[in-house]
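Below is one structure, written out as structure tokens, with a few remarks after it.
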Amino acid sequence: MTDLVLPTGVWRRECAAELKRSWRLPQFLVPTVLTPAAFYGLFTLAIAQNRSPATAVATLAGYGVFAAIGPALFGFGAGVAMEREQGLIELKRVSPLPTGAYVAAKLTAAVAATGAALALIYLLAIVGGAVLSPAQWLLLVALHLASTVPFALIGLGLGLRMSGKGAVAAANALFLGSAVLGGLWIPSAMLPGWMRAVGEAVPSYHLGQLALEIVGMPVIGSGQVHGTVAIGMTALAAIWAWTGWRRSPA
Amino acid sequence: MEKDLAAAASLTDVSKRLGGKPVLDRLSLSVRAGEVTALLGPNGAGKSTTVGLLIGRLRPDAGEVELYGLKPERPAARARLGVMLQAAGLPDVMTVAEMVTLQSGYYRDPRPLRETLALVGLDNLADRRCGTLSGGQARRVQYALAICGRPELLVLDEPTAAMDRASARALWSTVRGAAADGAAVLMTTHDLAEADALADRVVVMDAGRIVADDTPAAIRARAGGAVVRCRSTVSTMHAAALPGVRQATSDGAELRLVSTDAIATVRRLLDADACLADLRVHDAALEDAIAGLLSRDERIAA
């Protein structure tokens, strides 16, 4: 290996530039941040039949995961496909920029958008009477933010393989599918058997169950298994993204 | 083919198929430091594929591509490479200065921002968002991104397409400057005047192979040295058979001959047509030379 000393701060500057770029695209940022909070507010606080702190907490677990899926799938999946069509990635790929820094920058922007969406949902949950210990809050924040990762990788794989329009359609289908099948809107226990079976195959289901475990709600199966499966699915998503990167000409 | 050890970048016996069709056929080419190499050829000749392989966007099916002895996709190779692509875009919401600063940050010893912007004539546009730039201005930003890191190898794909003449000339002088500082430059172009003005070496490609590789002057000389124009009743078929004629074309009104022996050609031409008018003889341009190289099989074109 010929020694290559990267200039210091490449990763940091790439992340900062990507955050700035997202910030200047409010047409993308505002809907992805507001939608999950609006859904949460509507379904759990406004029109729920038995409003209670317990429902506020139980639904918070799932909606937090839901909040992570949007920025990850749309920012990465559809976003990367459109950037590819506009020739924005081509120069990055032939530049002395580590691939990791490019991906990290996109991920940072997705996590930041998720963070903003989460802040709104948590606020609504607190207003709705949710009470959690500081440790539970910390774990929940960590899990919800980490939920961005598998979906960002799935999105990246899509974005590198599909056209802009195709990727938007696929991201939409995945977005809604992951939310419903993963039991993020309606608890998995209340879903028909076949939907629950299919739900086992989506990471959102396992992440949702982990979130329920953190907030002390009843969980289907064991948390350990859900954690292992979620990590395994993230690894598969990483392979899917990596092979997409390798085979895409630009 | 032997490897050129002094080369900054080299393709050795490279073949590449795209979409099932062969695009390059055992092509070997090396680009040397301090030299501007222009890659010329008709659309579909394989110029962009050659560039794509050289910068590591594409991988060869057979043969070897090396930048400074490394595979082009290796970060250590890319650290020495600056690229201006044809189809690359710029993010609408970022400013010119932000983009150049970000790109400069990928290199270890970049030019200061102001210097890069001044070189490319973007001083006044530093704070403009890329989405508001004209086509020519955006191309200048792309050029700035290519040179901001003081690359040792500069690859420019149709650099002056969409640029006005003044911008193109300004770009030429910075390309010459980069080569004078020791950079190896490879550029593709359709503009023969550009290749003539700028290149130390012209490589002509046709159907995935190199058909000529020489200095612009030597390639011009290959055309035979002179172009003869006149109004005449002599047919192109007849003219092509005259001594010295390598190429005969006619636009209906004017007969145009590329000749290696203008005096003999003109003498026989006058014998053949006593009423010949508007006779002019001048040096062949690079264009004539290349047209001659590309159309050896169909030298008579009406």
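The values are calculated or read from the model by the stated rules, or taken from the named source; none is laboratory data. What you see is a predicted model; the values in this text were computed from it and never measured. Note: ideal-geometry Cβ built from the backbone for every residue, glycine included; neighbour counts use all protein chains shown. These accessible areas exclude ligands, DNA and RNA; they are computed on the full protein's heavy atoms, side chains included. Shrake-Rupley method; radii C 1.70, N 1.55, O 1.52, S 1.80 Å.
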Q: Just need the Rg to Rh number for region B:191-302, please, alpha carbons only, Kirkwood Rh.
A: 1.00
Q.
Report D for region A:17-71 in µm² per second (integer): Stokes-Einstein, Kirkwood Rh on Cα pairs, 20 °C, 1.002 mPa s.
A. 172
**Q.** Label point at B:Ala162 placed 7 Å out along Cα→Cβ; residues across region B:74-99 whose backbone nitrogen lies under 20 Å
**A.** B:82-99
Q) How big, in percent, is the set of alpha carbon pairs in the protein assembly as shown lying more than 48 Å apart? A) 30
Q: Could you work out which residue, out of A:Gly157, A:Gly129, A:Gly87, moves most in a Gaussian network model of chain A, that is, has the largest mean-square fluctuation with Cα springs under 10 Å?
A: A:Gly87
**Q.** Distribution of pairwise C-alpha distances over region B:151-231, 10 Å bins, in %
**A.** 15, 44, 30, 9, 1, 0
Q. Taking the Cβ of A:Lys20 as the center, what net charge do the other residues with Cβ under 12 Å away carry, scoring Lys and Arg +1 and Asp and Glu -1?
A. +1
Q) If you add up the charges near B:Gly82, with Lys and Arg at +1 and Asp and Glu at -1, over every other residue whose beta carbon is less than 9 angstrom from its beta carbon, what do you get? A) +1
Q.
Can you sort B:His282, A:His206, B:His190 by solvent-accessible area, 1.4 Å probe, largest first?
A. B:His190, B:His282, A:His206
Q | Top of B:Arg220, B:Arg57, B:Arg176 by mean-square fluctuation, Gaussian network on chain B, Cα under 10 Å | A | B:Arg57
Q: Would you grab the residues whose amide H sits under 5 Å from the one on B:Arg108? Only those 5+ places off in sequence or on another chain, please, with H modelled 1.01 Å from N.
A: none
Q) Using the Karplus equation 6.51 cos²θ - 1.76 cosθ + 1.60 (θ = phi - 60°), what ³J(HN,Hα) coupling, rounded to whole Hz, does each residue of region B:79-84 give in order, writing x for Gly and Pro? A) 5, 9, 10, x, 10, 10
Q: With viscosity set to 0.692 mPa s and temperature to 37 °C, compute the Stokes-Einstein D of chain A, Rh being the Kirkwood radius across alpha carbon pairs; µm²/s, no decimals.
A: 176
Q | Amide H within-cut-off set for B:Ala212, under 5 Å, with H built and near neighbours excluded | A | B:Val204
Q: When you have a sec, figure out the Kirkwood radius of region B:1-152 from all distinct Cα pair distances and drop it here in Å to one decimal?
A: 16.8
Q. Is there a pair in B:Lys21/B:Lys47; A:Lys165/B:Lys47; A:Lys106/B:Lys47 whose C-alpha atoms are over 21 Å apart, and which pairs would that be?
A. A:Lys165/B:Lys47; A:Lys106/B:Lys47
Q | For B:Ala183, distant residues with modelled amide H under 5 Å away | A | B:Gly34
Q: Sort A:Trp245, A:Trp240, A:Trp194 by accessible area with a 1.4 Å probe, largest first.
A: A:Trp194, A:Trp240, A:Trp245
Q) For B:Glu287, what accessible area in Å² do you get when you roll a 1.4 Å probe over the heavy atoms of the protein chains, rounding to the nearest 10? A) 110
Q: With a 1.4 Å probe and every protein chain left in place, tell me how much accessible area B:Tyr107 has, in Å² to the nearest 10.
A: 10
Q) If you take the Cα Rg of chain B and divide it by 2.2 N^0.38 Å, with N the number of residues, what do you get? A) 1.15
Q) Can you list the HN-Hα couplings for region B:135-142, worked out from phi with the Karplus curve (6.51, -1.76, 1.60; θ = phi - 60°), rounded to whole Hz and with x for Gly and Pro? A) x, x, 5, 4, 5, 5, 5, 4
Q.
Using Cα springs under 10 Å in a Gaussian network model of chain B, which residue among B:Ala161, B:Ala144, B:Ala241 shows the largest mean-square fluctuation?
A. B:Ala241
Q: Mind giving me the FRET efficiency for A:Val198 and A:Ser248? R0 is 22 Å, r the Cβ-Cβ distance, nearest 0.05 is fine.
A: 0.15
Q. If you count the DSSP beta bridges with both ends in the protein assembly as shown, what percent of them are antiparallel, to the nearest 5?
A. 65
Q.
At 1.4 Å probe size, what's the solvent-accessible area of B:Ser10? Round to the nearest 10 Å².
A. 10
Q) Rg(Cα) of region B:65-198 divided by 2.2 N^0.38 Å? A) 1.00
Q | HN-Hα J in Hz across region A:119-134 - Karplus 6.51, -1.76, 1.60, θ = phi - 60°, x for Gly and Pro | A | 4, 5, 5, 4, 4, 4, 4, 5, 4, x, x, 5, 10, 9, 6, x
**Q.** Where A:Ile154, B:Ile263, A:Ile126 fall by accessible area, highest first, once all protein chains stay in place (1.4 Å)
**A.** B:Ile263, A:Ile126, A:Ile154
